[in-house]
1. Could we say that ILE207 is out of contact with any Gly (no Cβ under 8 Å at 6 or more places or on another chain), crowded, with 17+ Cβ neighbours inside 10 Å and part of a helix (DSSP H, G or I) here?
2. Does segment 115-150 hold any residues that are under 14 Å from the mean Cα position of the chain (by Cα) and either in a strand (DSSP E or B) or under 21 Å from SER279 (Cβ atoms) (or both), and which are they?
3. As an exercise: evaluate ARG169 against (1) more than 26 Å from PRO243 (Cα to Cα); (2) in contact with a strand residue (DSSP E or B) (Cβ under 8 Å, 6 or more places away or on another chain) and give the number of the one condition it does not meet.
4. Test of understanding: among VAL149, VAL201, VAL194, VAL186, which residue is surrounded by 18 or more Cβ atoms within 10 Å (Cβ to Cβ), in contact with a helix residue (DSSP H, G or I) (Cβ under 6 Å, 6 or more places away or on another chain), at pLDDT 90 or above and hydrophobic (A, V, I, L, M, F, W, C)?
5. Tell me, which residue of segment 172-191 that is hydrophobic (A, V, I, L, M, F, W, C) and within 26 Å of ALA240 (Cβ to Cβ) is nearest to the chain's Cα centre (by Cα)?
6. Can you find a residue in segment 93-103 that is closer than 25 Å to ARG242 by Cα, in the same structural domain as ASP210 (by TED's automatic domain parsing) and of a type outside the set (Ser, Thr, Tyr)?
7. Condition first: part of a helix (DSSP H, G or I) and either touching a residue at least 40 places away in the same chain (Cβ under 8 Å) or not assigned by TED's automatic domain parsing to the domain that holds ILE292 (or both). Now tell me which residues in segment 210-227 satisfy that.
8. Can you work out which of the residues in segment 152-162 that are farther than 17 Å from LEU51 by Cβ and not small (Gly, Ala, Ser) is surrounded by the fewest Cβ atoms within 10 Å (Cβ to Cβ)?
Amino acid sequence: MSERESGRNGGRRSVWRRAPTPPQPPLAESPAPTSAAADGAEPASIVQAALYRDGVRVSSPATLAETFRELRKQPSGMAWIGLARPTGADLHSLAAEFDLHPLAVEDAMEAHQRPKLERYGATLFVVLRAARYLDASEEVDFGELHVFVGPDFVITVRHGAAPDLSAVRHRMEDSPELLGLGPEAVLYAILDAVVDGYAPVVSGVQIDVDEIETEVFRGDPEVSRRIYELSREMVEFQRATRPLVGMLHALMAGFAKYETDEELQRYLRDVADHVTHISERVDVFRQALTEILTVNATLVTQQQNAEMRALAEAGFEQNEEVKKISSWAAILFAPTLVGTIYGMNFDNMPELHWLFGYPFAIGLMGVVCLTLYLVFKKRDWL
């Protein structure tokens, strides 16, 4: 055990107590911590680094190398390092200094991890999925946060805009008695911030669900797409919140086992209650969206059936009109045919000079027209 590792936490029993760890394989392609950290230049991925003793900030190093040097000089201090989309060199430098497990480092580099809580020796590795509601686009934006927690350090690796860890740091620095409880308190504050960030998302989604219900019964043609997109977001939201319930219960068991500060245990139980409530709300949203989608499909089917019925009725009416027109055309065609034949006036045409030729032609046209009319009337064409 190094000089920096001894005497930490002022003799307080901690859930992060160092335990013997088996030898670990070296990190693949681990570059020497040169570049930004070794030459004193500020790495672009470092958002903020600070050293604390008894809950009070005592130093604000600008680089990882400076942070390591300052921490070695503070045998009872704690380092809180915040990174955003760090480079491989930064993470390898942190891994070498704090004995971070290569698998956890690899996860932190690649991101796109599910929420989880894993222990690697004396270090806890926590993956969280933060969320925020974007009012302008009415969408849920998800971020990913990786947290390394050890006996004397907290390292946060953020992938995405959420959560706002600067607010967490300010809150903790304004409560030195809470920050003085060590890395456990910082982890609690991060968990609390992530869970509190879910509340505006739940409120925004509730408004979206209410609007969708109105649009469904109003017959908005774009509502199906909105239901589908919001359902996909709720699936992601569920994946972010549901694992937290088990993670927090595991943390509470660890806090109780190592007799962490009782007040901090109460705070963590409160976060667990909030997570359970949020998870239940998300489940309700998914069920509601499924039911709304079913209702929307039913309404669309009913509307399509009504349109098909209207088209069928229009086709039937059109067919009736065509039959009437065809019937009258046939009736009028008969006298036209007779009149045309007898109107050719050929000299050798039979009945041309017959005394009864004209009455016969008129009578023939009348009989044909009446016969056709009765036939079409019988078949309901007229």
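1. Spelling it out, it is not the case that ILE207 is out of contact with any Gly (no Cβ under 8 Å at 6 or more places or on another chain), crowded, with 17+ Cβ neighbours inside 10 Å and part of a helix (DSSP H, G or I).
2. Result: ARG129, ALA130, ALA131, ARG132, TYR133, LEU134, GLU139, VAL140, ASP141, PHE142, GLY143, GLU144.
3. That leaves (1) as the condition not met.
4. Selected residue: VAL149, the only one of VAL149, VAL201, VAL194, VAL186 that is surrounded by 18 or more Cβ atoms within 10 Å (Cβ to Cβ), in contact with a helix residue (DSSP H, G or I) (Cβ under 6 Å, 6 or more places away or on another chain), at pLDDT 90 or above and hydrophobic (A, V, I, L, M, F, W, C).
5. Out of the qualifying residues, it is LEU191.
6. yes
7. Selection gives ILE212, GLU213, VAL216, PHE217, VAL223, SER224, ILE227.
8. HIS159
The values are calculated or read from the model by the stated rules, or taken from the named source; none is laboratory data. From a predicted model like this one, the values you see are computed outputs, not experimental measurements. Using ideal geometry, Cβ is built from the backbone for each residue, glycine included, and neighbour counts are taken over all protein chains shown.
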